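In what follows, a single structure is set out as structure tokens and then discussed.
The values are calculated or read from the model by the stated rules, or taken from the named source; none is laboratory data. The structure displayed is predicted, hence computed values, not measured ones. Don't worry about glycine lacking a Cβ; one is built from the backbone with ideal geometry, like all the others, and counts go over all protein chains shown. With ligands, DNA and RNA removed, areas are computed over all heavy atoms of the protein, side chains included. Shrake-Rupley method; radii C 1.70, N 1.55, O 1.52, S 1.80 Å.
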Amino acid sequence: MLHPFTVTVPATTANLGPGFDCLGAALSLYNRFCFLPAKGAETHRISGPGLTIQVRGEEAARVATDGKNLVYQVFCQFFEALGQTPPNLHLEIELGVPLARGLGSSATAIVGGLLGANYWAGNPLSPQALMRMAIDLEGHPDNVVPALLGGCQLAASDDQDWLHCTVAWHSEIVPVVAIPHFELSTAAARQVLPQDYCRADVVFNTAHLALLVKGLETGDGEQLRVGMQDRVHQPYRQQLIPGYGAVHEAAVQAGAYGLAISGAGPTLLALASRANAPRVVAAMKQAWQMEKTAVTVRSLSLDRQGASISKSIR
């Protein structure tokens, strides 16, 4: 008999500066997904054929509890890919990652659904196969790869398969996230991007991505300051985030190495030293509040473990 188990998946920050669609890092915020065989309607509300879903957390009311739930859809797609009928499922979700804020909430659902299904089925797929499937479902690697593996991850394709490498992250670099209390859809954020880029912008981002990777490894402030600059997505998406300029200026003045739009936004990510991180938190919070925008600002850490599976005690 299958015992209940929980898949824990970290939040992610993607597109790090010039690392559009290829570079991301796992952060110390988590969604948790508990899987167990479905029980009868006498104790749980049936929200679909052979399916019950319970959600806890601040935004629980916004998460689908029927067949439209992304975790469940991915869970079913896994079994269908194996040529098997998806089993009856009771799913409990504990939310810790804000929805639609650029912190990889959908990636946690994809990774959680895949790992849950793979474990349920007896682990028939390798980690590489799971990563490939996660990228196919998400459409790009910069959220799902670090969510799956932890750390800071760079991913690239040779048109046949995906290759990833862990980017060293200096222990003195602290990620600070400013999460405004409004949403920005990934679709809207992609619509503002140009279809083509000039050669100068491509060269700019190539050089700055290399410099950023080096700065993350060394902790060198000047390398990080210059390396965080970007010409591919941030100049176009800034207009979608009210107060971006003020928050960026406040973070830098408080000692941040640089600031980037996390994922598609609207969360803004600053990189700071441990000594400066508290000042950066306070400055970013004050700047957005001056813009009449409610915001949560947190100093986090790099999650180096990635998604994990543990037995659930019930």
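With respect to the stated conditions, Met284 fails to be at negative phi, touching a Gly at 6+ places or on another chain (Cβ under 7 Å), at pLDDT 95 or above and not aromatic (Phe, Trp, Tyr).
If you go through the stretch 122-132 and keep only what is surrounded by 14 or more Cβ atoms within 10 Å (Cβ to Cβ) and more than 24 Å from Leu2 (Cα to Cα), you end up with Met131, Arg132. Within the stretch 229-246, the set of residues being touching a strand residue (DSSP E or B) at 6+ places or on another chain (Cβ under 9 Å) and farther than 22 Å from Asn143 by Cβ comprises Pro242, Gly243.
Of the residues making up the stretch 91-121, those that are surrounded by fewer than 21 Cβ atoms within 10 Å (Cβ to Cβ) and at pLDDT below 95 are Leu99, Ala100. Of all residues in the stretch 62-90, those satisfying the criterion of being open to solvent by less than 30 Å² (accessible area, probe 1.4 Å), of a type in the set (A, V, I, L, M) and either in a helix (DSSP H, G or I) or touching a helix residue (DSSP H, G or I) at 6+ places or on another chain (Cβ under 6 Å) (or both) are Val71, Val74. Filtered by the rule that a residue be free of Cβ contacts under 8 Å to residues at least 12 places away in the same chain and among the acidic types (Asp, Glu), the stretch 166-218 gives a lone residue, Asp196.
Quick one: is Ala264 over 14 Å from Pro180 (Cβ atoms) and either free of Cβ contacts under 8 Å to residues at least 40 places away in the same chain or under 24 Å from the mean Cα position of the chain (by Cα) (or both)?
Values: over 14 Å from Pro180 (Cβ atoms): no; either free of Cβ contacts under 8 Å to residues at least 40 places away in the same chain or under 24 Å from the mean Cα position of the chain (by Cα) (or both): yes.
The answer is no for Ala264.
The set of residues in the stretch 252-311 that are assigned to a loop (DSSP other than H, G, I, E, B), of a type in the set (Ser, Thr, Tyr) and open to solvent by 30 Å² or more (accessible area, probe 1.4 Å) comprises Tyr257, Ser301.
Of the residues in the stretch 46-65, at least one is within 30 Å of Ala189 (Cβ to Cβ), touching a Gly at 6+ places or on another chain (Cβ under 9 Å) and either at pLDDT 95 or above or of a type in the set (Val, Ile, Thr) (or both). Residues of the stretch 248-281 that are among the hydrophobic types (A, V, I, L, M, F, W, C) and within 21 Å of Leu99 (Cβ to Cβ): Ala260, Ile261, Ala264, Leu268, Leu269. Among the residues making up the stretch 10-39, those that are open to solvent by 30 Å² or more (accessible area, probe 1.4 Å), part of a strand (DSSP E or B) and touching a helix residue (DSSP H, G or I) at 6+ places or on another chain (Cβ under 9 Å) are Tyr30, Arg32.
Against the definition (buried (at least 22 other Cβ atoms within 10 Å of the Cβ) and either touching a residue at least 12 places away in the same chain (Cβ under 8 Å) or of a type in the set (Lys, Arg) (or both)), how does Gly227 come out, yes or no?
Values: buried (at least 22 other Cβ atoms within 10 Å of the Cβ): yes; either touching a residue at least 12 places away in the same chain (Cβ under 8 Å) or of a type in the set (Lys, Arg) (or both): yes.
When the stated conditions are applied, Gly227 passes them.
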